[in-house]
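Asker: Have a look at this one before I ask anything.
What follows draws every value from the coordinates through simple rules; no lab data is involved. Computed from a predicted structure; not experimentally measured. When we count neighbours, we look across all protein chains shown, and the Cβ atoms used for this are built from the backbone with ideal geometry, even at glycine.
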2 protein chains.
Amino acid sequence: MPRKAAKPRLKAAERREAILLAAKDIFLVEGYERTTMRRIAASLGITPTTLYLHFPDKAALMQAICDEAFAELGTAMTRATVEARTPLDAFRAVFDAYVAFGLAHPREYRLVFMTEPPPEASAHRPGIGRRHDPEDRGARAFAGFQALVRRLIETGVFHAGDATTMAEAAWAAVHGLVALLIGMPDYPPAERAALADTVARMVAEGLVKR
Amino acid sequence: MPRKAAKPRLKAAERREAILLAAKDIFLVEGYERTTMRRIAASLGITPTTLYLHFPDKAALMQAICDEAFAELGTAMTRATVEARTPLDAFRAVFDAYVAFGLAHPREYRLVFMTEPPPEASAHRPGIGRRHDPEDRGARAFAGFQALVRRLIETGVFHAGDATTMAEAAWAAVHGLVALLIGMPDYPPAERAALADTVARMVAEGLVKR
DNA sequence: GGCGTTCACTTAACGCTGTTAACTGAACGT
DNA sequence: ACGTTCAGTTAACAGCGTTAAGTGAACGCC
């Protein structure tokens, strides 16, 4: 007769981390909509109700995962910025870092940037709620990029214009590149670098003063 | 005592059109996930089961709506091409038509270009099934764009390079712009045009010969 | 040592979803 | 008059996110 399994009991912080780890695995493989709270719970050997002790709802659980990804991308971008010799080098380095992140973590990128956000923010419950609005991190990473563009305009490397709009335009292009490559997994790997380079040159050439 | 409403009875083609019309209204307002088959049926005064007499499942219903929309994109792009005076005008006109389409049909755009395809295509049922693979229309539209880029290279307007890669680069940029704007519904409408214009100029300037 | 409280977790359920099997009743062809 | 087709229904299934209420072990305190 099989022994009844001991009930798992973790401290709140540990359980929260365990849930995040398991949920990330399933979200990244299955996508947001096809991932069920019951499946996440089952993979941890707990009941779905327990998930709601640590996260207010499914959307908040995904938000927490998104937040981690945002942090990783942010550090990669700032490191690329500070290590570059010139602002134009930094521009290209940030571009490459962004693409590298997207191609190295395509499922994370899709989850963070290509998944439709849940319609309404969930109600705030004291003590449990989501950690940060991921838009904060995203906005901060983008702010650094924007400052870089502004410097390139002020030093006369880029043509005159609104730094915010120009930074958004560049970001749109690189995001489109990453989304395109992620959406086409059969795209020949040799041509991926060529396409990325073409986009990078196109963006830079399109912004430099002539 | 209220009279019992007469049962609605339409011919299959009429009912199919009526369903498409009602479903489109609800899908576009509520989004795909939040739209329920029961709600579509209720708005037509029929039962949800009837929907399955005309479409194999919810996804196929949305696909049919997307197919209509993307036919619209194809015609808009070809019209923009043929009506333009010069190839460079055509390039810009196609760009604008693409962006206008994406902003006018964000749900369809997201579903076709930003949704991860499920691992297995739904089973084909004789007589009912979805009409066309949307990738066919997409590939045809891109082929026209690619031919336009090739002409711009050959006439010396764009710098030398691989036409396919350069067309993909431009498409990545405009796709990123559309995806960005779709993902940020609160983006100030006045600035949307400015951002689209900046991206369009950036792409064109980045590809023209200097 | 006993006791109330806290904490991590469960059981059982609610209302909702997409979807299907089985049935109905009118219209049509022969 | 009768069998078939056609458009639509009723009732149900399995699964979803989520919640109210309960359970039992561990902890602080006297």
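Asker: Excluding B:Ala147 itself, calculate the net charge of residues whose Cβ lies under 15 Å from the Cβ of B:Ala147, where each Lys or Arg counts +1 and each Asp or Glu counts -1.
Answerer: Local net charge: 0.
Asker: Take the alpha-carbon centre of segment A:24-78, take the same for segment B:28-63, and report the distance between them in whole Å.
Answerer: Using only Cα atoms to place each centre, the spacing works out to 29 Å.
Asker: Then there's this: For A:Lys209, list the aspartates and glutamates whose Cα falls under 15 Å from its own Cα; do not include residues on the same chain fewer than 8 positions away.
Answerer: Candidates past the 8-residue exclusion: A:Glu154, A:Asp162, B:Glu205.
Asker: Please report, in whole Å³, the volume per residue of the convex hull around the C-alpha atoms of segment B:25-78.
Answerer: That works out to 85 Å³ per residue.
Asker: Which distances, in nm and shortest first, link the A:Pro185 label point to the same label point in every other copy, taking 7 Å along Cα→Cβ?
Answerer: Between copies, matching label points for A:Pro185 lie 3.0 nm apart.
Asker: Extending each Cα 7 Å along its Cβ direction at B:Ala84 and A:Thr36, get the distance between those two points in nm, one decimal.
Answerer: If labels sit at B:Ala84 and A:Thr36, their model points lie 5.0 nm apart.
Asker: Moving on. Cross-link partners among aspartates and glutamates for B:Lys58, C-alpha distance below 17 Å, same-chain residues fewer than 8 apart left out?
Answerer: Qualifying aspartates and glutamates at Cα under 17 Å: A:Glu33, B:Glu17, B:Asp25, B:Glu30, B:Glu33, B:Asp67, B:Glu68, B:Glu108, B:Glu116, B:Glu120, B:Asp133.
Asker: Just the Cα atoms of segment A:156-199, one point each, no solvent: what log10 I(q)/I(0) does Debye give at q = 0.31 Å⁻¹?
Answerer: Normalising to I(0) and taking log10 leaves -1.08.
Asker: Roughly what would the spin-label model give for A:Met184 and B:Arg192, points 7 Å off Cα along C-beta, in nm?
Answerer: Taking the simple label geometry, A:Met184 and B:Arg192 are separated by 2.7 nm.
Asker: Under 10 Å, Cα contacts only: if you run a Gaussian network model on chain B, which one of B:Ala59, B:Ala170, B:Ala13 comes out with the highest mean-square fluctuation?
Answerer: B:Ala13
Asker: Calculate, axis by axis, the spread of Cα positions in the protein assembly as shown along the three principal axes, and write the results as whole Å, longest axis first.
Answerer: 75, 62, 44
Asker: Want the number for A:Ser43 to A:Ile26: 0.36 nm per residue separation, take away the alpha-carbon distance, what's left?
Answerer: 5.2 nm
Asker: Among B:Met166, B:Met184, B:Met37, which comes first, second and so on when ranked by fewest other beta-carbon atoms within 10 Å?
Answerer: B:Met184, B:Met37, B:Met166
Asker: Sticking to Cα atoms, compute the Rg of chain B to one decimal and its Dmax as the biggest Cα-Cα distance, whole number, in Å.
Answerer: Cα radius of gyration and Dmax of chain B are 20.7, 81 Å respectively.
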